[in-house]
Amino acid sequence: MYRSAHYLLQGLADLGIDYVFSNLGTDHASIIEELARWRDEGRPHPHFMLCPHENVAIHMAAGYAAMTGKGQAVMVHVDAGTANAAMGMHNMFRSRLPVMLMAGRAPYTVRGELPGSRDNYVHFVQDPFDIGSLVRPYVKWEYTLSTGINAREVVRRGHSVMQSDPPGPVYLTLPREALAQPWDEGAVRAFGEDKYGPVAAGGTAAARAGQIAEALMRAERPMAVTAYLGRKAEAVQALEELALLCGIRVYEFAPSFLGISRDSPCFGGFDPGKAQADADLGLLLDVDVPWLPKYAAERPETRWIHIDVDPIKKDFPMWGFATDVRVQGDCATVLRQVTAIVKARADQAFHDRVRRRLDEYMAQAHQRNEAQAQAAAQGGQYGAIAPAYLCAQLSAALSQEDVVINEAIRNSPAVLQHIRRTRPLTLLGTAGGGLGYSGGMALGAKLARPGVRVIQIVGDGGFHFGTPTSVYDVAQRYRLPIFTIVLDNGGWQAVKEAVLRVHPDGAAAQAGEFHARLEGESRRFDMIAQAFGGYGETVADPDEVPAAIARCLKAVDEGRAAVLHARIGNL
């Protein structure tokens, strides 16, 4: 006879879950008891990693899933922990990253009728009418474990849903009495992946692949836009091969993953809106928002083919991008199908046309690189370091294996343009709209790739949101040294720019007051890392940036987290 909590742990082990990023409470008493018993008996189980704040726990799961494709578990405390994790669930849902969020539930018996009954004040106030409503917009599946008899089946079902394409979060609640119930071991059976596992997207019909190939072979000015194709390394390789074969100019817009090497002659930059002016064929490849229609030079004659794990955007109430062909499938598989057909059908005249296009692209890339080099050479002034210069200096210090987590928001162009990335899964962001993700994601990425450096680049506003004391507590306790660069411009530049776009000549613009400025007599983000055994320093002089980066990276290489607080001016 074992408690339901035992079978829950057994179910997680069945799934191959490596980590449970956790912030536990009174609702998890039976799980904590079972963990102690399992440890005494030498039973292998997922590693529970304690995170002082749920924002870090959920985003560690995001970083780990982004690097590995394997969703992990996050365990939080009733409605309070669910609420703290909700923003991360939004980010993971929009980024199509799998996670199983598990929350304990307040006991439902009040007079000691069952083991686990209410014995604390909070058990009365942490029992909302609809706990699932806190995250329901951001989950593919939700369930309550009401008995341990089917615990292994329940977690298998949740895991299969979260890993099936398009992947995403699921939510499971765990009543305290249910976790404490004993059940005979023979009554609780396993549910294997071979019979109950996830479903993956595949290719498309041969005829449809042939139509796409023919369209590419006819096109004179083909382009492609992507944002999250790079969540699979093989998709990046497939896109680069097809782009070189057909002379496709590839753009990224608000990328959450690197989609193409910056060294590829087919890489066109980050502004697909302008590129549409003369394109005759376009591919939308795993992208939610390919451009901003308000600012794009859309060309009605351009034919658009959309290949996506989710081309209908079923979770977007409004979308608004016209396409002529829509294919739901795995981009890597579909692009390889198309490549094989083009190779079989193309003649020398086609290859000659593509060669001329590639020569044109390389000349344009040379001009773009020269302009970026000129911008990177301008260091700025004391107290207002130029972000492009800082990012270029960082790029020079990194290897192509190192991973960059981008939360620079309004300074993202500097990160994207001046930190050279050439390999899949070396640039991560989020497709969501919740700030405060990059610290936790950096920790999760470091956990998945312990042999590389992981660099978090974040604005000062996002750094506040990211619960940094929790970040560096976890970095210290679990030996996950990450390098954080805080681009401090004294507030939220995005808020100021939004006001100016809507009311360019309004009263706020005249007064220069946008309620976005963060001011204080002392702002030392580097000291937060120091409080948890990390290395930290502040830099305001552009000439000191290279040495400051070197010192921080040295600390990281020695096993300590590092924070570089870079002053880039004021709003």
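Tabulated values for the structure
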item	result
Pairs, first on the phi > 0 side of the Ramachandran plot and touching a residue at least 24 places away in the same chain (Cβ under 8 Å) in segment 435-450, second of a type outside the set (D, E, K, R) and crowded, with 24+ Cβ neighbours inside 10 Å, C-beta under 7 Å, six or more apart	GLY436/ASN55; GLY436/GLY466
Matching residues in segment 531-555 - criterion: being basic (Lys, Arg) and more than 23 Å from GLN381 (Cβ to Cβ)	LYS554
Residues (without any contact (Cβ under 8 Å) to a residue 40 or more places away in the chain and aliphatic (A, V, I, L, M)) located in segment 184-200	ALA187, VAL199
Verdict on GLY533 being in contact (Cβ under 8 Å) with a residue 12 or more places away in the chain and over 21 Å from ASN411 (Cβ atoms)	yes
Residues of segment 155-188 satisfying the condition of being aliphatic (A, V, I, L, M), farther than 19 Å from LYS70 by Cβ, open to solvent by less than 10 Å² (accessible area, probe 1.4 Å) and part of a helix (DSSP H, G or I)	ALA178, LEU179
Qualifying positions in segment 297-320 - at pLDDT below 95, within 23 Å of LEU239 (Cβ to Cβ) and within 26 Å of the chain's Cα centre (by Cα)	TRP319
Residue under evaluation ALA275, criteria (1) in contact with a helix residue (DSSP H, G or I) (Cβ under 9 Å, 6 or more places away or on another chain); (2) open to solvent by 10 Å² or more (accessible area, probe 1.4 Å), criterion not met	(1)
Contacts under 6 angstrom Cβ, first residue in segment 502-516 being open to solvent by 80 Å² or more (accessible area, probe 1.4 Å), partner assigned to a loop (DSSP other than H, G, I, E, B), 6 or more apart	none
Leading residue by the ranking (nearest to ILE485 (Cα to Cα)) among those in segment 547-571 that are within 24 Å of the chain's Cα centre (by Cα) and part of a helix (DSSP H, G or I)	LEU553
Filter result (of a type outside the set (Val, Ile, Thr), open to solvent by 10 Å² or more (accessible area, probe 1.4 Å) and under 21 Å from the mean Cα position of the chain (by Cα)) within segment 278-290	ASP288
Some residue of segment 391-399 being polar (S, T, N, Q), assigned to a loop (DSSP other than H, G, I, E, B) and open to solvent by 30 Å² or more (accessible area, probe 1.4 Å)	yes
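For (1) modelled with pLDDT under 95; (2) in contact with a strand residue (DSSP E or B) (Cβ under 8 Å, 6 or more places away or on another chain); (3) open to solvent by less than 10 Å² (accessible area, probe 1.4 Å), each residue gets a yes or a no:
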{"position": "HIS47", "(1), (2), (3)": "no, yes, no"}
{"position": "PRO52", "(1), (2), (3)": "no, no, no"}
{"position": "GLY63", "(1), (2), (3)": "no, yes, yes"}
{"position": "GLY69", "(1), (2), (3)": "no, no, no"}
{"position": "MET75", "(1), (2), (3)": "no, yes, yes"}
{"position": "ASP79", "(1), (2), (3)": "no, yes, no"}
{"position": "ALA85", "(1), (2), (3)": "no, yes, yes"}
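The values are calculated or read from the model by the stated rules, or taken from the named source; none is laboratory data. Predicted model only: the values in this text are computed from it and were never measured. Positions of Cβ are generated from backbone atoms using ideal geometry, with glycine treated the same way; all protein chains shown enter the neighbour counts. The area values use the complete protein model at the heavy-atom level, side chains included, leaving out ligands, DNA and RNA. Shrake-Rupley method; radii C 1.70, N 1.55, O 1.52, S 1.80 Å.
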